[in-house]
Amino acid sequence: MNWIEAVILGFVQGLTEFLPISSSAHLRIVGELLPNAQDPGAAFTAITQLGTEAAVVVFFWRDIVRILKAWFGSLGGSVPRNDPDARMGWLVILGSIPIGVLGLLFQDQIEGAFRSLWIVATMLIVFGLILAVADAVGKQTRDLTQLTYRHGILYGFAQALALIPGVSRSGGTITAGLLMGYTREAAARYSFLLAIPAVFASGFYQLAKSVGTPGPFGLGETALATGIAFVVGFAIIGWFLRFVSTRSYSVFVWYRVLLGLALYALLGFNVINA
């Protein structure tokens, strides 16, 4: 049964990672609804995110190579430091610092108290409503060539909020981008790029910790879920960027609020455990 559940959770991870609806919240909820009714755990979540983040690397490979070449060139002086791609490299580094520091400081809470489904339900609703406000009031006039260091750091703190399941990594950063005046597509694109260092660092750290440590899923099952997450996630990236280029985030807002309310009901009637 664990293999089947791993397949289901891998599919859920790939489907929800890039949408502003919180993949960690969905893994937490779906885990409780499966026959074994168990929390997949923060380690399983972080490791399967390696699959979806590998999809980001493949999808944005040309952009990543161009940014890295410009960034290294700026170190050697062959590329001006104000070059947009070189600046993007520095912005991704700076924006990754908050989640790295806060992730280490609050590791125990992230792996324990923050995974309460009461907190998950609340975060789904609260940050869904904040996303709705940002989508409505954001000027949506800036593109990524106008990204400043100040905005890059603010993006980083918004990403760090995703340490709490239910907030959503993409949802937090996209919301911040909209409030700072970036277009929906620009906010989503930067969200994907910004996540690369943090997700790989967290995933490999948890992978190293999990070796020899018993958990709900073995390494084989986790690897299967990670591979499925890669395939599904790769398909979702392209669809999502096309979707937000012409439509608002309202469908995701409604989904988050309704899911949060449904989760409150399930908890209130003791259908699932918090």
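Residue count for the stretch 154-188, restricted to those that are within 9 Å of the chain's Cα centre (by Cα) and charged (D, E, K, R): 1. I'm trying to understand the selection: among the residues of the stretch 12-63, which are modelled with pLDDT of 90 or more, of a type outside the set (D, E, K, R) and surrounded by fewer than 17 Cβ atoms within 10 Å (Cβ to Cβ)? Matches in the stretch 12-63: V57, V58, W61. With respect to the conditions (1) touching a strand residue (DSSP E or B) at 6+ places or on another chain (Cβ under 7 Å); (2) closer than 21 Å to S23 by Cα, S170 lacks only one, and its number is (1).
The number of residues in the stretch 112-166 being more than 24 Å from S202 (Cα to Cα), crowded, with 17+ Cβ neighbours inside 10 Å and of a type in the set (K, R) comes to 1.
Conditions (1) surrounded by fewer than 14 Cβ atoms within 10 Å (Cβ to Cβ); (2) more than 19 Å from the chain's Cα centre (by Cα); (3) closer than 19 Å to S22 by Cβ, marked per residue:
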| position | (1), (2), (3) |
| --- | --- |
| W239 | yes, no, yes |
| R247 | yes, yes, no |
| V257 | no, no, yes |
| G260 | no, no, yes |
| N270 | yes, yes, no |
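Looking only at the stretch 42-95, how many residues end up being in contact with a Leu (Cβ under 7 Å, 6 or more places away or on another chain) and either among the small types (G, A, S) or farther than 30 Å from V167 by Cα (or both)? Final tally of qualifying residues: 2.
Taking the conditions exactly as written (at pLDDT 95 or above, farther than 25 Å from L161 by Cα, among the small types (G, A, S) and touching a helix residue (DSSP H, G or I) at 6+ places or on another chain (Cβ under 9 Å)), does A235 satisfy them or not? So A235 passes the test.
For the residues F204, F252, F192, F234, the requirement of being under 30 Å from P84 (Cβ atoms), surrounded by fewer than 17 Cβ atoms within 10 Å (Cβ to Cβ), in contact (Cβ under 8 Å) with a residue 24 or more places away in the chain and aromatic (F, W, Y) singles out F204. Residue check: T183 meets all listed conditions (1) out of contact with any strand residue (DSSP E or B) (no Cβ under 8 Å at 6 or more places or on another chain); (2) surrounded by fewer than 21 Cβ atoms within 10 Å (Cβ to Cβ); (3) at pLDDT 90 or above but one, namely (1).
The values are calculated or read from the model by the stated rules, or taken from the named source; none is laboratory data. Everything numeric in this text was worked out from a predicted model, so none of it was measured. Cβ atoms come from the backbone with ideal geometry, glycine included; neighbour counts cover every protein chain shown.
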